[in-house]
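The values are calculated or read from the model by the stated rules, or taken from the named source; none is laboratory data. None of these values were measured; they are calculated from a predicted model. All Cβ positions, even for glycine, are placed from backbone atoms using ideal geometry, and neighbour counts span all protein chains on display.
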Amino acid sequence: MTGASQTPVPAPRHTFLEAGRGHYDAAAQLAKDAKHVGPTDHLAGLAAECAVKAMLMDYFGSVQDTPLGIPYSPKIKNRPVPSKTQEKKAEKESRHWHMPDVWNDLVKLADGRRGSLILSRLPQDNPFAESADEWSVDHRYVDGQQISEERVARHLEAARTLIAAYYLAQ
């Protein structure tokens, strides 16, 4: 058909919350066997990251409309900036990457009644940013021997808390 206008295909709805719940469920199963602390901790971090991204998108105005699909905050990206350098910095800062940084994005962007409710449920300190054993997406490449069971328990609890906070804020 030539000359006919095509209706744009809408972007698929994000599935961060569903992915986060799946990662959490898998982590909880792996946690039953102490020899899987590395994968358990990694999945707990991914579960928490996905829950945060779901909140940022569903409650605080973040979007996922770039070719790479990296969610970002238009509030941060579009703030007035005095120079091209600052514009590039704002664009970079607006992206929601991985834990522990995405936790900080939530703290920065959560506002209103929902934001207050969510933040009141979270620990004061980011449990993925502990100085001695900060969580990193790159830990998927390690064998897990240096990851303690206490760390895994802390991260599982944080992921569960974030998922519960999402539902509480609905």
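Within the range 64-111, the set of residues being out of contact with any His (no Cβ under 9 Å at 6 or more places or on another chain), acidic (D, E), in contact (Cβ under 8 Å) with a residue 24 or more places away in the chain and closer than 23 Å to Q124 by Cα comprises just one member, D111.
Taking every residue in the range 126-154 that is farther than 16 Å from D101 by Cβ and pairing it with any residue that is in a loop (DSSP other than H, G, I, E, B) and of a type outside the set (A, V, I, L, M), at least 6 positions away or on another chain, the pairs with Cβ-Cβ distances below 7 Å are R151/D133; R154/P127. The helices (runs of 4 or more DSSP H) located wholly in the range 66-165 that include 2 or more residues which are of a type in the set (A, V, I, L, M, F, W, C) occupy 101-109, 112-121. In the set (1) of a type in the set (S, T, Y); (2) within 25 Å of K32 (Cα to Cα); (3) touching a Phe, Trp or Tyr at 6+ places or on another chain (Cβ under 8 Å), the condition left unmet by S148 is number (3).
For the residues A34, A44, A54, A48, the requirement of being farther than 24 Å from D111 by Cβ, out of contact with any Lys or Arg (no Cβ under 7 Å at 6 or more places or on another chain) and either surrounded by 15 or more Cβ atoms within 10 Å (Cβ to Cβ) or at pLDDT 95 or above (or both) singles out A44.
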